[in-house]
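Trainee: Got a structure for you, written out below as structure tokens; questions coming shortly.
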Amino acid sequence: MSLILLFTTALLIEKIILISVLFAITLGVAAYSTYGERKVAAFIQDRLGPNRAGPFGLLQPLADGVKFFTKEDFTPNAAERWLYILAPGAFMFVACMTSAVIPWGTQLTIFEKPVDLQVADLNIGILYIMGFVSLGVYGIMIGGWASNNKYSLYGAIRASSQMISYELAMGLSIIAVIMMTGTLSLKEIAAQQAGLNWNIWYQPLGFIIFLVCALAECNRAPFDLAECETELVGGYHTEYSSMKLGFYLFAEYINMFISCAVIATLYFGGYNFPGVDPGWLGGFMGPIVLFAKIIFFIFVFMWIRWTIPRFRYDQLMHLGWKSLIPLSILNMVLTGAGVLLFEN
Amino acid sequence: MEPSGYMPIVLQSLVALGFVALVLIVVPLLGPRRKSDKKNENFECGIEGQGNARMPVSIKYLMTAILFVLFDVEVIFFYPYAVNFREMGFNGFFAVLMFVGVFLLGFYYVLRKGAFEWDR
């Protein structure tokens with residue numbers, strides 16, 4: 001009995017360490033994405049970008065963080081005080097939860113003890129992520145409504161309407177992947193794509209649909225209608241200041257990071273790379289490969305943002321409902337027929 | 001999968017909740033606080049606020065929300081099929097094709113009714 005207890009305590013400590021490290025990495029990546037975003041924008045627009053704080057402006061995210069922390073935390077009189085405070089917290093909380101089911105690698109060997117590089121191997125992994133992604137709407141909707149500001153409310157309604165519209169096509173494109181792999185567990189999906197047997201070769205259309213939907217779910221340009229400066233000032237976070245605003249902006253970058261991780265895991269082999277064993281370097285090779293892919297996709301997200309102009313709202317809705325949903329249904333049916341014909 | 005598999009999720013939610021609560025409690029104490037009636041008004045491009053912000057919005061947003069619920073439920077039905085799709089073979093596939101047909105029929109109906117005509 002005491003042996004079992006000891007084992008579970010060890011497992012508990014292991015999980016707590018993994019979660020803390022993952023948390024630190026997530027926040028770090030999100031912070032440095034803001035720096036990366038500005039540098040990529042500067043590169044694309046032939047400017048220098050941040051270069052004052054530290055060498056190459058590398059301390060810029062720290063400076064921004066200090067500024068966020070020491071600004072006045074403002075609440076307008078007309079706002080619904082408690083909801084106004086809770087909304088950014090809810091948004092951030094949801095963003096921090098999704099990293100739990102992503103397989104960051106196979107196994108680490110620390111002090112000759114194998115450590116799983118996944119917080120929880122849920123057998124419904126991808127549904128868990130979809131669930132938390134859809135909860136993100138609440139943070140935006142409550143924040144926009146509680147501010148009692150016209151711009152905030154319109155921004156929030158636009159954002160939630162857009163997010164639920166693109167969730168349909170996203171769910172349908174994931175179904176095609178599940179038909180290929182036969183499992184909802186992200187760990188198994190990643191393990192099946194060993195070497196160069198990546199899902200992208202079988203699901204090119206599904207990948208494009210998923211990428212577009214991921215951009216829309218993260219409220220990234222060209223789908224950033226929710227914070228369309230020319231029409232809505234700041235969108236749903238117009239009234240927010242200090243770290244509450246910081247939470248909204250930060251959570252958006254965390255969502256982008258997680259989306260890129262999901263794209264890499266579902267379509268680009270996760271921690272697999274031909275000729276590279278994820279078990280090398282005591283298991284650290286898997287996370288290195290996965291992070292290389294994630295950083296590449298974060299770059300693609302930024303590249304898209306600074307290249308393509310923003311859609312009009314009706315164009316956004318037409319794309320979501322009239323193009324992506326029929327296309328993803330077609331993709332699903334074709335995948336089903338293809339798998340059945342080739343495997344029999 | 002036994003329920004104990006969800007233990008790490010609970011741990012992660014505690015860590016996330018702790019972080020969020022800590023920041024939301026500590027940060028308002030760090031910044032300055034300067035209040036005035038004019039400043040605490042809602043932002044409305046510098047002019048005085050006109051009426052309540054919570055006005056009725058376009059019916060199209062409500063349409064989108066209702067259609068989302070409808071179609072999302074149908075999409076959810078595909079998930080259990082997709083997991084067991086290989087064992088069910090062609091018979092299962094044709095059954096699902098009929099379901100897709102119903103889905104598309106409903107889709108075509110709302111399309112023809114003009115539910116997605118945002119510019120009208």
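Please treat every number below as a calculation from the coordinates, not as lab data. Just so it is clear, the structure is predicted and the values come from calculations on it, not from any experiment. Please note: Cβ atoms are built from the backbone with ideal geometry, for glycine as well, and neighbour counts cover all protein chains shown.
Trainee: Residue by residue, what Karplus-based ³J(HN,Hα) values in Hz, rounded to whole numbers, does the range A:286-295 have, using 6.51, -1.76 and 1.60 with θ = phi - 60° and x for Gly and Pro?
Mentor: x, x, 5, 4, 4, 5, 4, 5, 4, 5
Trainee: How far apart, in nm, are two points set 7 Å out from the Cα along the Cα-to-Cβ line at A:SER20 and at A:VAL333?
Mentor: Label-label distance for A:SER20 and A:VAL333, simple model: 5.4 nm.
Trainee: While we're on this one: Mind sorting A:TYR154, A:TYR202 by how few other Cβ atoms lie within 10 Å of their own Cβ, fewest first?
Mentor: Listed from fewest to most nearby Cβ atoms, that is A:TYR202, A:TYR154.
Trainee: I've got another one for you. Quick check on the exposure proxy: order A:THR9, A:THR109 from fewest to most C-beta atoms within 10 angstrom.
Mentor: Placing the least packed residue first, the sequence is A:THR9, A:THR109.
Trainee: Mind listing the phi-derived Karplus ³J(HN,Hα) values for the range A:228-238, rounded to whole Hz, using 6.51, -1.76 and 1.60 with θ = phi - 60°, and x for any glycine or proline?
Mentor: 5, 4, 5, 10, 10, 6, x, x, 5, 9, 4
Trainee: If the cut-off is a Cα-Cα distance under 24 Å, which lysines reach B:LYS38, setting aside same-chain residues fewer than 8 apart in sequence?
Mentor: List returned: A:LYS71, A:LYS150, A:LYS244.
Trainee: With a/c under 1.5 counting as rounded, go ahead and sort the protein assembly as shown into rounded, prolate or oblate using the C-alpha gyration tensor (a ≥ b ≥ c being the square roots of the eigenvalues; past the cut-off, prolate if a/b is larger than b/c, else oblate).
Mentor: It is oblate, given that a/c is not under 1.5 and a/b is not larger than b/c.
Trainee: Show me, for the range B:8-22, the HN-Hα J-couplings you get by feeding each phi into the Karplus relation (A = 6.51, B = -1.76, C = 1.60, θ = phi - 60°), rounded to Hz, glycine and proline as x.
Mentor: So the J values, rounded to whole Hz, are x, 5, 4, 4, 4, 5, 5, 4, 4, 4, x, 4, 4, 5, 4.
Trainee: Separation of the range A:256-314 and the range A:205-245 by C-alpha centroid, Å?
Mentor: Spelled out, the Cα-based centre of one part sits 20 Å from the other.
Trainee: Using amide H atoms built in the peptide plane, which far-off residues or other-chain residues are under 5 Å from A:PHE273 H to H?
Mentor: Long-range HN contacts for A:PHE273: A:GLY195.
Trainee: Please give the average number of partner chain Cβ atoms lying within 10 Å of the Cβ of each residue in B:69-78, rounded to a whole number.
Mentor: Taking the mean over all residues of the peptide, I get 4.
Trainee: Between the DSSP loop rule and a limit of at most 15 other Cβ atoms within 10 Å, which chymotrypsin sites (Phe, Trp or Tyr not before Pro) in the range B:47-88 are left?
Mentor: Of the chymotrypsin sites (Phe, Trp or Tyr not before Pro), not one in the loops of the range B:47-88 has a Cβ with at most 15 other Cβ atoms within 10 Å.
Trainee: Separate question: Which cross-chain or sequence-distant (5 or more) residues have an amide H under 5 Å from the amide H of A:PHE311, H modelled 1.01 Å from N in plane?
Mentor: A:ASP224
Trainee: Arranged by the count of other C-beta atoms within 10 angstrom, fewest first, what order do A:ASP121, B:ASP72 take?
Mentor: Taking fewest neighbouring Cβ atoms as first place, the list is B:ASP72, A:ASP121.
Trainee: Just checking the output field for A:178-185: average partner chain Cβ neighbours within 10 Å of each residue's Cβ?
Mentor: Whole-number average of other-chain Cβ neighbours for A:178-185 is 4.
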